[in-house]
1. Does the range 66-74 contain any residue that is crowded, with 17+ Cβ neighbours inside 10 Å, within 23 Å of THR176 (Cβ to Cβ) and not aromatic (Phe, Trp, Tyr)?
2. Is the range 171-192 home to any residue that is touching a Leu at 6+ places or on another chain (Cβ under 8 Å), surrounded by 10 or more Cβ atoms within 10 Å (Cβ to Cβ) and not basic (Lys, Arg)?
3. Can you pull out the residues in the range 137-186 that are part of a loop (DSSP other than H, G, I, E, B) and under 52 Å from the mean Cα position of the chain (by Cα)?
4. Quick test of your reading of the structure: MET191 fulfils all but one of (1) over 30 Å from ILE132 (Cα atoms); (2) over 43 Å from the mean Cα position of the chain (by Cα). Name the failing condition by number.
5. Can you tell me which residues in the range 11-47 are part of a helix (DSSP H, G or I) and at pLDDT below 85?
6. In the range 232-274, what residues are over 14 Å from ARG298 (Cα atoms), touching a Phe, Trp or Tyr at 6+ places or on another chain (Cβ under 9 Å) and hydrophobic (A, V, I, L, M, F, W, C)?
7. Which pairs do you get when a residue that is of a type in the set (S, T, N, Q), found in the range 300-317, comes within reach of a residue that is part of a loop (DSSP other than H, G, I, E, B), reach meaning Cβ atoms under 9 angstrom, with the pair 6+ apart or on two chains?
Amino acid sequence: MDLQRTGSVVRPPSPMDSLEKQLSCPICLDMFTKPVVILPCQHNLCRGCASDLYDSRNPYRFSGGVFRCPTCRFEVVLDRHGVHGLQRNLLVENIIDIYKQQQEGKGEGEPLKAQEAKEPRCPEHEDERINIYCVSCQRPTCSMCKVFGQHKDCEVAPLATVYQSQKAELSNAIDTLVASNSRLQALLNQMEDAGRAVQENAQRAKQGLAERFDLLYAVLEERKAVLLEKLGREQDDKVAALRALAQRYGERLQASSELTDTAVRALEQNGAAEFLLASKGLIGRTRDAAKASLGEERPEPGFEKMDHFTLNTEPVEAVLAKMDFGTRDDEEYEDAEDAEEEE
């Protein structure tokens, strides 16, 4: 035996102490608290400690994450389930249960008393520990309450049994919730993908719609130019014809005015002989000029009108007003084209 300097005997570590050390969490330094998760590096952690470690490295709780094993510094990569995606180490949990049962069976004095001091007491019987569970009332209680108290007619069960049962039930509920979260995450990802697809498809549809309208604008502009050119040609032809007639009428008017002046001067002659000499042939020219003015070419009635260039766009307007997404109405388009050709 090894002796300390004070002379007291040092007790060598027992196998149970070594086992307890092996069953201690490297984070909280206490014995593993179930459920115990096993990391890819084969080291173990309490799930609560692993969750705290994961949250400290991933404060925004994004899907997945990374943290290092506190024992070997191995990088642990988690999926979208987080810590709940790690497997439970049932072997270590069973060893812990066996160890605790053996420790309770030994009845060690002070540690057991300290443990009992920490256990909750019955509010009705202060000296009694809460050691049973009332199934009827769904609450933990003590043996005295079952024998003499308000739970004497109730159905009870051992506290440890109900504890393990509800703990397993909660663990299963957590697993179910994790699976549900996985489905929700998948749906969320699907909605995000669908949203992006909607935006991309809408952008392509908008681009296609703009191109179709640009084509319509181009067709209308081209047709507008053709019709304006046709109208302009007739305008120029009519104006040219009217100007030619006006020029000819002007020349006739000038000649007629000169003839009129000559005739007036002849009338002013005082002598008969002089008048007769001047009027020779003047009377015939004057009459011919007057007759010629009556037979001059004139524009036809309504020559100046341009009503035949009126464009009836009502059929096309009706078709454009009904234009919508989907299959076009071929009959309406054909009616509009026929109406345009008739014009």
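1. no
2. no
3. CYS137, GLN138
4. Just one mismatch for MET191, condition (2).
5. The answer is PRO15, MET16, ASP17, SER18, LEU19, GLU20, LYS21, GLN22.
6. ALA266, LEU267
7. From the range 300-317, the pairs are THR310/GLU343; ASN312/GLU343.
The values are calculated or read from the model by the stated rules, or taken from the named source; none is laboratory data. The structure presented is a predicted model; accordingly, all values stated were derived computationally and were not measured. Quick reminder, even Gly has a Cβ in these numbers, built from the backbone with ideal geometry, and neighbours come from all protein chains shown.
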